[in-house]
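Report on the structure given below.
Quick note: the coordinates plus some simple rules give every number you see, no bench work behind them. Quantities reported herein were computed from a predicted structural model and do not represent experimental measurements. Counting neighbours? That spans all protein chains shown, and the Cβs are built from the backbone with ideal geometry, glycine included.
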Amino acid sequence: MKQIFDYSKVLNEPVKIRQLTDNFYFKKPREIRKGVTFVVTFLILFIFFRGLINLISSFLPGALYAIYIFIPYNAMNLLFKLKFDYKSPWVYLKDLYYYTIKIQLPKRKYCNDEPVELNGKAIFEKVEDE
């Protein structure tokens, strides 16, 4: 009897890295997407919100490092706990991007995965049963 195997768990396994160089390696493998999310969030904070963060750190000494570490770390953890339509956040954002650019902005209409032209008039045809 044949058994059906569900490959979704295997295919959704994130890419992990264990060794960077010959002399530097992690004890446990680390997910690459978590590191990328941390770095991107850090860069967004540094580029766009640097003035606000410097203003806050002038009133609260030591807040500069806390903000630059606390916000990206918690954003990374929150983002990977959420599931959007049972997809990972990166797959969901990629699908949302393609939908917005290819379908929603050009205002295309699809029927059976093919683009159709709608002229606003409904056409009815009489179908006879045999």
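How big, on average over all directions, is the shadow cast by the Cα convex hull of the chain, in nm²? Could you put the intermediate results ahead of the total?
On the way: hull surface 77.5 nm².
Mean projected area for the chain: 19.4 nm², to one decimal.
For every other residue with a beta carbon closer than 11 angstrom to the beta carbon of F38, add +1 if it is Lys or Arg and -1 if Asp or Glu, then tell me the sum.
On the way: positive: R30, R33, K34; negative: E31.
Summing Lys and Arg as +1 and Asp and Glu as -1 gives +2.
Express in nm, to one decimal, how much length is gained between F49 and D95 on full extension, taking 0.36 nm for each residue of separation and deducting their alpha carbon distance.
On the way: separation 46, 0.36 × 46 = 16.56 nm, distance 2.81 nm.
Here the segment from F49 to D95 would lengthen by 13.7 nm.
Mind checking the dipole of segment 8-116: about its Cα centre, +1 per Lys or Arg Cβ, -1 per Asp or Glu Cβ, Debye to the nearest 20?
On the way: 17 positive and 7 negative charges, 35 e Å.
Result for segment 8-116 is approximately 160 debye, rounded to the nearest 20.
Please list, by residue number, every one of the trypsin sites (Lys or Arg not before Pro) in segment 29-105 that is coil in DSSP and has at most 13 other beta-carbon atoms within 10 Å.
When the trypsin sites (Lys or Arg not before Pro) of segment 29-105 are filtered for loop state and at most 13 Cβ neighbours within 10 Å, K83 remain.
Go through segment 1-54 and name the chymotrypsin sites (Phe, Trp or Tyr not before Pro) that are in a DSSP coil and have 16 or fewer other Cβ atoms within 10 Å of their Cβ. Working shown, then result.
Details: sites: F5, Y7, F24, Y25, F26, F38, F42, F46, F48, F49; in loops: F5, Y7, F24, F49.
For chymotrypsin sites (Phe, Trp or Tyr not before Pro) across segment 1-54 that sit outside H, G, I, E and B with at most 16 neighbouring Cβ atoms in 10 Å, the list reads F5, Y7, F24, F49.
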